[in-house]
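Right, one structure below, let's go through it.
The values are calculated or read from the model by the stated rules, or taken from the named source; none is laboratory data. Values in this document were obtained by computation on a predicted structure and should not be read as measured data. As a convention, Cβ positions derive from the backbone with ideal geometry for all residues, glycine included, and neighbour counts pool all protein chains shown.
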Amino acid sequence: MKFLRWLLRLTLLGSLAAVWLLAGVYLYLSPKLPDVETLRDVQLQTPMRVYTASGDLIGQFGEQKRNPLDYSEIPDTFVKALLAAEDDGFFRHSGIDLMGLGRAVSELMLTGAKGSGGSTLTMQVARNYFLSLDRTFTRKFNEILLAIEIERRLSKQEIFELYVNRVFLGHRAYGFEAAAQTYYGKSLQELSLAQHAMLAGIPKAPSRNNPLSSPDNARERRDWILGRMHLLGYVDEMAYQAALVEPVEVRHHGARITLDAQHAAEMVRREMLERYGIGIYNDGYQVYTTLDSRLQSAAQSSLETGLITYDQRHGYRGPEQRLADPRPLTQPSEATASVAPPAWLATLAEIPVVGGLTPAVITRVDDAGARFVIADGSEHELLWENGLRQANPYLNENARGRAPGSPADVVTRGDVVRVNRPQGEAWHLAQIPAAQAALIALKPDNGAILSLVGGFGFEQSKFNRATQAQRQPGSNFKPFIYSAALAAGYTPASIINDAPIVLEDTSLEGIWRPENDGGKFYGPTRLRWALTQSRNLVSIRLLQQMGVGTVIDYAQQLGFDTADFPRNLSLALGTQSMSPLNVARGYAILANGGYAVEPHIISRIEDSDGNLLFEARPATVCRDCAADSGDDTAGNGLQRRGDAAALPTSARGIADSGVGAQPLPPAPRVMEERVNFLINDILQDVIKAGTGRRALVLKRGDIAGKTGTTNGPMDAWFSGYNRDVVATSWVGFDGYTPLGRREFGGTAALPIWISFMREALRDRPEQSLPIPNGITSVRIDPETGLLAGSAQENALFEYFRAENVPTDYADGTLTPGKTGTDDLINDIF
């Protein structure tokens, strides 16, 4: 009895000592604990995501992959899997598991090392958000105290949500939604019971238990969790058994990019880095671009198809590499004749798909064709008719070799080649084009970038040729020279002699004898016809008459950077360097009626909570503004930049930025309205009867454009538009080598533009070009550009600014007292 009293007193004393010890520890540590309330405002490190205007993800940038979830978004099956794995008493305890903790603390005190655990989910939240991973007694007590405080301040659902979104799960995935995307390419809600158990098993040892690094360990841990779920009554016997036999099928998935626009996404990343600095990779910015998803897809497809078509015209360059065959030199058996060694599959796994072209290894060749394998190990057939028969060998840019006689003339076992399936058809032999291309499309009225493709295969080259390449535009620049001429008083009927010219110019390194394409000369030529047919000699003589300085000043007025423009007559042939983006910006002026707009790709920026940080307010064309402000179209017609707040009511229909209902700033007029009308009308003739005739396949009367080809030819261009879309396509070699003597803007670049515009203008009604006041149409003699007599049969109508109507007849007469003839004026407005 005395012993029992003694034992009771000892127990009480021990309990009091423990209480005093804990109280002392609390008093010592509690002032140093962080404020739990900060968990409500915690900023998870979340990557920046970039979207199209309609919400398609085109890029994700950040060191940590994270997709935060609300508790309501977490599947119940996964909640139970995680409880079974980590803390099945989570919804019952107050932050600590006394039995488990007692066991863990005793082991820690006795051995000085962490043993069997005992941490609840709440304690893990405390550690993950506030504490280090040091295995010390002090850290453990801090963890306990913080867990108790967290339970006092936050609900169980909030705590569970914090854990689910923060825990590291291997392969740079933080949080279970990011892990689901990384390992399965699906959201957490889309996964099976077995997959939920697989993910729930990772936190205990992320590097050891993730299914990519250690599939056997991961499966063992998964099965243990499934057993726990069954034991706890979370799943029935049938579901448990079915989950146990489910195979482990995982592979590494990147961000779920839903649209290919990698050059555009990289362009956004660079701009965001300039705006916000290195924090863009972790602060969860959401960037919405001006890209139209449908047009971006069309641009990507058009560029890839156009380059592949160009490449096929120039021959097959052979396999990318040849892999050694490890089989014995003796004749292989029929059973092993097409087997791919594991080393071949390993090599394929390291070769990226580029531009939709899949890497493959030829495993067998026979008279019917060839067989090949791709990186997933599947074997496929390549028939003779599907690219093998057409694979004439490449000799140079102007010549191909003799057509192959059999599949063995083209490929052999071990060849690494490219294959594709056009429109889901049978597999075809292909190759990555050696040439490159760019395609960019803008909204003419405000410069919004609707689509942008900077080259064939971002995986192959990050260089954005749409914005970074500086190439000679060639004849693609001629419309701006002719616009300068029209502004200076020339007319579409002005006559310039298309004849040989020999120039001695020190800036051109001596004697210069420019020629037209084809080497022919056509004598006196109207400006309209000269631009329609892209006559070089007329452009040079026109520039010579106006003066290089006049044209450069006009180009500067349009917004071109003229610092590096040649100060000689070669400017007439577009020898200055420009990016496709800058060319497209110039053509937007032609398309929108003469207003300068600035290309832009970011529409708005939001923070991780969806708060608006930035919204674009681009200068936008307001066609009523000039009339309301008394703009004089008979003169220069240039609208001055105005205060957006002073815009007339008619401008308020342009767009609304959503910020105080303020109208957007007006785009300044930089080209006189009537000059714009005349150059547009001529460029429509380029489509109808000139170098852009291939575009007639679109069967539209409202499109205009111009080809461009430089010496070599090195660069091929086409820029064209209607009132809704302006687009520029370019084709060339990065190394500035020739495209081939039969390759021009109309053969290499125009087909890409046509393919894109077919989709861009689908379902868009035609918009006829309005004829401005001060434009007159009269009948002229096509040979002289002068007025035609009433009886002249080959006369045609031509547009003029009213003050530039010719006064002379082609037969040499002049109507007394008149600047034109009333009976020949066709009043069409």
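In region 374-390, which residues are closer than 22 Å to Ala340 by Cβ and touching a residue at least 12 places away in the same chain (Cβ under 8 Å)? Explain how you work it out, then say what you get.
We begin by selecting, within region 374-390, every residue closer than 22 Å to Ala340 by Cβ; these are 374-384, 386-388.
Scanning region 374-390 gives Ile374, Ala375, Gly377, Glu379, His380, Glu381, Leu382, Leu383, Trp384, Asn386, Gly387, Leu388.
Looking only at residues that are part of a loop (DSSP other than H, G, I, E, B) and either surrounded by 14 or more Cβ atoms within 10 Å (Cβ to Cβ) or modelled with pLDDT of 95 or more (or both) in region 768-782, which one is farthest from the chain's Cα centre (by Cα)? Lay out the reasoning, then the answer.
Just the residues of region 768-782 that are part of a loop (DSSP other than H, G, I, E, B), to begin with: 768-774, 781-782.
From what is left, the residues that are either surrounded by 14 or more Cβ atoms within 10 Å (Cβ to Cβ) or modelled with pLDDT of 95 or more (or both) are 769, 771-774, 781-782.
On the way: Leu769: 32, Ile771: 37, Pro772: 38, Asn773: 42, Gly774: 43, Asp781: 50, Pro782: 47 Å.
For region 768-782, the residue satisfying everything is Asp781.
Filter region 787-803 for residues that are crowded, with 18+ Cβ neighbours inside 10 Å and within 19 Å of Ile682 (Cβ to Cβ) and give the result. So that I can check it myself, show each step before the final result.
In the first step, residues of region 787-803 are kept if they are crowded, with 18+ Cβ neighbours inside 10 Å; the result is 787-788, 795, 798-801.
Those that are crowded, with 18+ Cβ neighbours inside 10 Å and within 19 Å of Ile682 (Cβ to Cβ): Ala795, Glu798, Tyr799, Phe800, Arg801.
Taking interchain pairs and intrachain pairs at least six residues apart, which have beta carbon atoms under 7 angstrom, with the first residue in region 543-554 and more than 16 Å from Leu503 (Cβ to Cβ) and the second part of a loop (DSSP other than H, G, I, E, B) and not basic (Lys, Arg)?
Sorted first by the residue in region 543-554, then by its partner, the pairs are Thr550/Ala488; Ile552/Thr562; Ile552/Phe565.
If we keep just the residues of region 278-317 that are among the charged types (D, E, K, R) and touching a strand residue (DSSP E or B) at 6+ places or on another chain (Cβ under 8 Å), which is nearest to Tyr174 (Cα to Cα)? Quick ask: steps written out before the conclusion?
First, pick out the residues of region 278-317 that are among the charged types (D, E, K, R): 283, 292, 294, 304, 311, 313, 317.
Among the residues that remain, those that are also touching a strand residue (DSSP E or B) at 6+ places or on another chain (Cβ under 8 Å) are: 283, 292, 317.
On the way: Asp283: 14, Asp292: 31, Arg317: 45 Å.
Ranking the qualifying residues of region 278-317, first place goes to Asp283.
Going by the structure shown, is Asp734 acidic (Asp, Glu), surrounded by fewer than 24 Cβ atoms within 10 Å (Cβ to Cβ) and either in contact (Cβ under 8 Å) with a residue 12 or more places away in the chain or on the phi < 0 side of the Ramachandran plot (or both)?
yes
Rundown of residues vs (1) part of a strand (DSSP E or B); (2) surrounded by fewer than 23 Cβ atoms within 10 Å (Cβ to Cβ); (3) touching a residue at least 12 places away in the same chain (Cβ under 8 Å); (4) of a type in the set (Lys, Arg), yes/no style:
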| position | (1), (2), (3), (4) |
| --- | --- |
| Arg418 | yes, yes, yes, yes |
| Gln423 | no, yes, no, no |
| Ala426 | no, yes, yes, no |
| Ala441 | yes, no, yes, no |
| Asn446 | no, no, yes, no |
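Just give me the residues in region 355-373 being free of Cβ contacts under 8 Å to residues at least 60 places away in the same chain, assigned to a loop (DSSP other than H, G, I, E, B) and surrounded by 19 or more Cβ atoms within 10 Å (Cβ to Cβ), in sequence order.
none
Looking only at region 680-702, which residues are surrounded by 23 or more Cβ atoms within 10 Å (Cβ to Cβ) and of a type in the set (Val, Ile, Thr)?
Correct list: Ile682, Val686, Ile687, Thr691.
Of the residues in region 193-233, how many are closer than 16 Å to Asp76 by Cβ and either of a type in the set (Val, Ile, Thr) or in contact with a Ser or Thr (Cβ under 8 Å, 6 or more places away or on another chain) (or both)?
3
For the structure I just gave you, tell me whether Ala343 is in contact with a strand residue (DSSP E or B) (Cβ under 9 Å, 6 or more places away or on another chain), farther than 27 Å from Ala434 by Cβ and modelled with pLDDT under 95. Steps first, please.
On the way: in contact with a strand residue (DSSP E or B) (Cβ under 9 Å, 6 or more places away or on another chain): no; farther than 27 Å from Ala434 by Cβ: yes; modelled with pLDDT under 95: yes.
Here the answer is no, as Ala343 does not meet what is asked.
Within region 155-210, take every residue that is of a type in the set (D, E, K, R) and outside any helix (DSSP H, G or I) and give me the one that is nearest to Glu249 (Cα to Cα).
First, the residues of region 155-210 that are of a type in the set (D, E, K, R): 156, 158, 161, 166, 172, 177, 186, 190, 204, 208.
Keeping just the survivors that are outside any helix (DSSP H, G or I) gives 172, 186, 204.
Working: Arg172: 19, Lys186: 13, Lys204: 21 Å.
Of everything passing the filter in region 155-210, Lys186 is nearest to Glu249 (Cα to Cα).
Name the residues in region 376-397 that are in contact with a Ser or Thr (Cβ under 8 Å, 6 or more places away or on another chain) and crowded, with 19+ Cβ neighbours inside 10 Å, would you?
Glu397 - this is the single residue of region 376-397 that is in contact with a Ser or Thr (Cβ under 8 Å, 6 or more places away or on another chain) and crowded, with 19+ Cβ neighbours inside 10 Å.
For region 404-413, name all the residues that are in contact with a helix residue (DSSP H, G or I) (Cβ under 9 Å, 6 or more places away or on another chain) and surrounded by fewer than 18 Cβ atoms within 10 Å (Cβ to Cβ).
Let us first name the residues in region 404-413 that are in contact with a helix residue (DSSP H, G or I) (Cβ under 9 Å, 6 or more places away or on another chain), namely 404, 406-407, 409-411.
Listed by number, the residues that qualify are Ser406, Asp409.
How many residues, within region 694-722, are of a type in the set (D, E, K, R), under 24 Å from Pro599 (Cβ atoms) and either modelled with pLDDT under 95 or not in a loop (DSSP other than H, G, I, E, B) (or both)? Spell out the reasoning first.
Taking region 694-722 first, the residues of a type in the set (D, E, K, R) are 694, 699-700, 702, 706, 715.
Keeping just the survivors that are under 24 Å from Pro599 (Cβ atoms) gives 702, 706, 715.
Cutting the leftovers down to either modelled with pLDDT under 95 or not in a loop (DSSP other than H, G, I, E, B) (or both) gives us 706, 715.
Total meeting the criteria: 2.
Listed here are the residues, each with its yes/no results for (1) surrounded by fewer than 20 Cβ atoms within 10 Å (Cβ to Cβ); (2) on the phi > 0 side of the Ramachandran plot; (3) outside any helix (DSSP H, G or I).
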| residue | (1), (2), (3) |
| --- | --- |
| Ala242 | yes, no, no |
| Glu249 | yes, no, yes |
| His252 | yes, no, yes |
| Arg275 | yes, no, no |
| Tyr288 | no, no, yes |
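Consider Ile362 against the criteria (1) over 27 Å from the mean Cα position of the chain (by Cα); (2) within 23 Å of Leu303 (Cβ to Cβ): it satisfies all of them except one. Which criterion is unmet?
The number of the failed condition is (2).
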